[in-house]
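The structure appears below as structure tokens.
The values are calculated or read from the model by the stated rules, or taken from the named source; none is laboratory data. Computed from a predicted structure; not experimentally measured. Cβ placement follows ideal geometry from the backbone for every residue including glycine, while neighbour counts extend to all protein chains displayed.
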Ligand code: SF4
């Protein structure tokens, strides 16, 4: 991901602690983010970091959203459990490996095995 968008960040030159502090400072940061032209790119980058090993950047405000708001959005954007399980079973029937299914569906290998095992047990 190119980070050129950061050159247009409204927060450039502002104390970064505002975006990683607690309580009231995050509210200030969100107000600044509201006027930022690269807010969508920044929020996407924040979500990408949360999926990486860059744990120190998991918290704080990215694109005007704090960690709790991002967690809520992730939860809302996940397919419902029944849809997800059906997707896992369809992919299994098509011979896709559990590891590939886990990557495609966004779950762990363990979840793929659990869904397959539960279905096999109920069919027996
Ligand atoms: S959205 Fe907020 S944190 Fe992101 S670049 Fe803009 S001002 Fe900075």
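Overview of values
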{"quantity": "Unmet criterion (only one of (1) surrounded by 11 or more Cβ atoms within 10 Å (Cβ to Cβ); (2) under 25 Å from residue 8 (Cα atoms)) for residue 85", "calculated": "(2)"}
{"quantity": "Neighbours by Cβ (under 6 Å, 6+ apart or cross-chain): first from region 41-61, closer than 17 Å to residue 106 by Cβ and assigned by TED's automatic domain parsing to the domain that holds residue 21; second at pLDDT below 85 and within 12 Å of the ligand (Cβ to nearest atom)", "calculated": "49/57"}
{"quantity": "Output for region 23-47, where each listed residue is more than 21 Å from the chain's Cα centre (by Cα) and more than 10 Å from the ligand (Cβ to nearest atom)", "calculated": "23, 24, 25, 27, 28"}
{"quantity": "Residue under evaluation residue 35, criteria (1) at pLDDT 85 or above; (2) surrounded by 15 or more Cβ atoms within 10 Å (Cβ to Cβ), criterion not met", "calculated": "(2)"}
{"quantity": "Members of region 1-22 found to be in a loop (DSSP other than H, G, I, E, B), surrounded by 13 or more Cβ atoms within 10 Å (Cβ to Cβ) and within 9 Å of the ligand (Cβ to nearest atom), listed by number", "calculated": "9, 10, 11, 14"}
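Residue by residue, here is whether (1) modelled with pLDDT under 90; (2) surrounded by fewer than 13 Cβ atoms within 10 Å (Cβ to Cβ); (3) over 19 Å from residue 6 (Cα atoms) holds:
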{"residue": "30", "(1), (2), (3)": "no, no, no"}
{"residue": "67", "(1), (2), (3)": "yes, no, yes"}
{"residue": "70", "(1), (2), (3)": "yes, no, yes"}
{"residue": "75", "(1), (2), (3)": "yes, yes, yes"}
{"residue": "89", "(1), (2), (3)": "no, no, yes"}
{"residue": "92", "(1), (2), (3)": "no, no, yes"}
{"residue": "101", "(1), (2), (3)": "no, no, yes"}
